[in-house]
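Each remark here refers to the structure printed beneath this line.
The values are calculated or read from the model by the stated rules, or taken from the named source; none is laboratory data. In this text the structure is predicted, and so the values were computed from the model without any measurement. Because the Cβ atoms are built from the backbone with ideal geometry, glycine has one as well, and the counts that use them run over all protein chains shown. For the accessible areas, the whole protein counts, side chains as well, though only heavy atoms, and no ligand, DNA or RNA atoms are used. Shrake-Rupley method; radii C 1.70, N 1.55, O 1.52, S 1.80 Å.
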Amino acid sequence: MKKMGLLEQIKNKGLVLDGAMSYELGKQGVDTNNKLWTATALIDQLSKVYQAH
């Protein structure tokens with residue numbers, strides 16, 4: 001399997017960055033007190049992830 005460069009990855013599949021996401025999502029009431037909080041937020045509260053961005 002060919003490894004994609006960063007720009008190719010963004011163009012083909014997009015890219016999600018979560019720097020400072022926990023603070024913004026925490027303000028919106030999303031539970032960020034577990035190791036998989038990012039996955040949980042994406043599955044259970046996607047609209048709040050969009051709002052944070």
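Here are the numbers for the structure shown:
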item: Convex hull volume of the chain per residue (C-alpha atoms, cubic angstrom); result: 108 Å³
item: Per residue accessible area in Å² of the chain, where ligands, DNA and RNA are left out and the probe is 1.4 Å; result: 86 Å²
item: Filtered trypsin sites (Lys or Arg not before Pro), the chain: DSSP coil and at most 14 other beta carbons within 10 Å; result: LYS2, LYS3, LYS35
item: Leading residue at positive end of dipole, the chain (Cβ point charges), from ILE43, LEU15, VAL30; result: LEU15
item: Charge dipole magnitude, Cβ of K and R +1, D and E -1 - the chain, Cα centre, debye nearest 20; result: 280 debye
item: Sulfur and carbon atoms: percent of accessible area, the chain [1.4 Å]; result: 56 percent
item: HN-Hα J in Hz across region 45-53 - Karplus 6.51, -1.76, 1.60, θ = phi - 60°, x for Gly and Pro; result: 9, 4, 4, 6, 5, 4, 5, 5, 7
